[in-house]
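Below is one structure, written out as C-alpha cells; the observations come after it.
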Amino acid sequence: MRIGFIVNPWSGIGGSVALKGSDGKDVREESLKRGAEQKAMSKAQTMLTTFLQDQPTNAHEWFSAEGDLGASLLHQCGIQPLHIYPEPLPTQTESIDTQNIVSWFIQNQVDLVVFAGGDGTARDVCSVVGASVPVLGIPTGVKIHSGVFAVTPHAAGEVLSNLLNGQLTDLRMEEVRDIDEEAFRQNRVASKYFGEMKVPISAEFMQHVKVGGIEQEDLVLNDIAEWLDETHQSDCVYFMGSGKTIDFFMERSKLSNTLLGVDAVLNGKVIKADCTEQDILHLAQKFKSQAIISIIGGQGHIFGRGNHQFSPQVLATLTKSAFTIIGTKAKLKTLEGRPLLIDSGDRNTDLKWAGLITLLTGYNDEVLYPLVAL
C-alpha cells in the first residue's frame, strides 16, 4: 500500500494554556511563552506504535515530509521504503505547506492519507483531497468537531491495522467542520461546514441480515442496482462484465447479456455485445466510458480470470477511476481476510493497481479492501 503521512507538529499547542487552539504564528508563540509543550508528535507516534504491533515495517510504501512533519517519526519506527517531499520547506510551516505536501501525495497516487492534527489541519487536507482518496485523521488538536478523526490516536492505529490486514472496512463521507477560534476565545461556538472526505470506518454487518448473520444476496444486489441507476450518467458507455453478478444487473434492466463476456451499454441499450479488447478501446475513444465488474468469490480476482478483455491497454485507457467494482460483504467474507488479486498479464499494470481499492457493497455503501499483485 502507498500511504501519505503528515503531522501538524503545532496541533493542540494552545490547549493546555487556555488559548483554545493553535492557528496562527502569534498563538503558537504565546503558547510557548506560557510553557506549552508540543504533543502532536507523541500522539502520532502512539498511532504508529499501535499499527506496527501487527504490521512489518517494510510492508508498505510511505510518503511524508522531513522532520516533525512526519519523516522523523517514521525513521524512528524503522519504516521503509520512505519517500520524502522533495521541495524546500520553511522552518515554520503553514497551511499552504500542508496543502502542497498533500498535493504531492495525490500526485504519487497514494491509497490513503493519514494526518495528525485538528480541524484546521482537516480543512487543509480536505481542500486538496476532497473525495479523491480516503483519509484517516489522528486527533491531536484542541478542536475536534470534524467527523474524519478516529476517537483516539490508539484507535487510529487499530483502524489502519485492521484495514491493511484485509478486514472489511466501510467507507463513509464525513464532514469537515471548524470553528472560529477568535469567537471560541470569547465563549462563542461558531462551527462551519467546509466539505467532506472519505473515511474508513470499522464495518458492521447490519443490512439485510437473516438469523445467523447471512446477507440476502438478491436484496443486496437490488440495493446496488438502485444505486447504479441513481448515479447513471447519460451519453456514457458502460462496459458490463462478466459473471453472474453483472448478469443480475443486466437482467434487472431487461438487457440481453453475455454471461462470460463484456457488453457495452449506452443510454439503456446494448450497443455492442461480447466486446473484444479492441472493441472496448474503440468505444472508449468515442465516448465517455465507465466499467462495472465484480470480484470472483472465493478466489478474489478482479482481473485476469474470465475478463481478459480488460487488458493492460484497456486498464491504461480507462484508468482506475473509471471502474466500479462490485463485491458484496458476504462474498468478501468468503476470502477469510485474504486480499483481492490482479493478474492482468502485465506486471507494471498490476503494480499500479495494487493497494487499497474501493468496492461497492450496497446502496451508497462502500468498503476499502487491499488488492495485491503477486
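For Gln278, are the conditions met, namely being farther than 19 Å from Ile302 by Cα and either among the aromatic types (Phe, Trp, Tyr) or touching a Lys or Arg at 6+ places or on another chain (Cβ under 8 Å) (or both)? I'd like the intermediate steps shown before the answer.
Values: farther than 19 Å from Ile302 by Cα: yes; either among the aromatic types (Phe, Trp, Tyr) or touching a Lys or Arg at 6+ places or on another chain (Cβ under 8 Å) (or both): no.
In short, no.
Of all residues in region 83-111, how many are within 17 Å of Val176 (Cα to Cα) and either outside the structural domain of Asp68 (by TED's automatic domain parsing) or at pLDDT 95 or above (or both)?
3
Among what's in region 216-243 and is in a strand (DSSP E or B) and of a type outside the set (A, V, I, L, M, F, W, C), pick the residue that is surrounded by the most Cβ atoms within 10 Å (Cβ to Cβ).
Gly241
What number of residues within region 60-82 satisfy the criterion of being at pLDDT 90 or above, part of a loop (DSSP other than H, G, I, E, B) and touching a His at 6+ places or on another chain (Cβ under 9 Å)?
Residues in region 60-82 being at pLDDT 90 or above, part of a loop (DSSP other than H, G, I, E, B) and touching a His at 6+ places or on another chain (Cβ under 9 Å): 1 in total.
Does Thr57 fit the bill of being crowded, with 17+ Cβ neighbours inside 10 Å, at pLDDT 65 or above and β-branched (Val, Ile, Thr)?
no
The conditions are (1) modelled with pLDDT under 90; (2) surrounded by 12 or more Cβ atoms within 10 Å (Cβ to Cβ); (3) part of a strand (DSSP E or B), and Tyr193 fails exactly one of them. Which is it?
Against the list (1) modelled with pLDDT under 90; (2) surrounded by 12 or more Cβ atoms within 10 Å (Cβ to Cβ); (3) part of a strand (DSSP E or B), Tyr193 comes up short only on (2).
So Thr334 passes all but one of these: (1) out of contact with any helix residue (DSSP H, G or I) (no Cβ under 8 Å at 6 or more places or on another chain); (2) over 24 Å from Ile224 (Cα atoms); (3) β-branched (Val, Ile, Thr). Which condition number does it fail?
(2)
Could you tell me which numbered condition Asp263 fails, if it satisfies all but one of (1) part of a strand (DSSP E or B); (2) farther than 18 Å from Arg305 by Cα?
Asp263 satisfies all of (1) part of a strand (DSSP E or B); (2) farther than 18 Å from Arg305 by Cα except (2).
What pairs come up if the first residue lies in region 154-176 and is in the same structural domain as Glu336 (by TED's automatic domain parsing) and under 19 Å from Leu340 (Cα atoms), the second is aliphatic (A, V, I, L, M) and modelled with pLDDT of 90 or more, and their beta carbons are under 6 Å apart, counting only those six or more places apart or on different chains?
none
For residues that are surrounded by fewer than 22 Cβ atoms within 10 Å (Cβ to Cβ) and modelled with pLDDT of 85 or more, scanning just region 154-169, find the one that is farthest from Lys331 (Cα to Cα).
Among them, the one singled out is His154.
The values are calculated or read from the model by the stated rules, or taken from the named source; none is laboratory data. The structure presented is a predicted model; accordingly, all values stated were derived computationally and were not measured. Cβ: placed from backbone, ideal geometry, glycine included. Neighbour counts: every protein chain shown.
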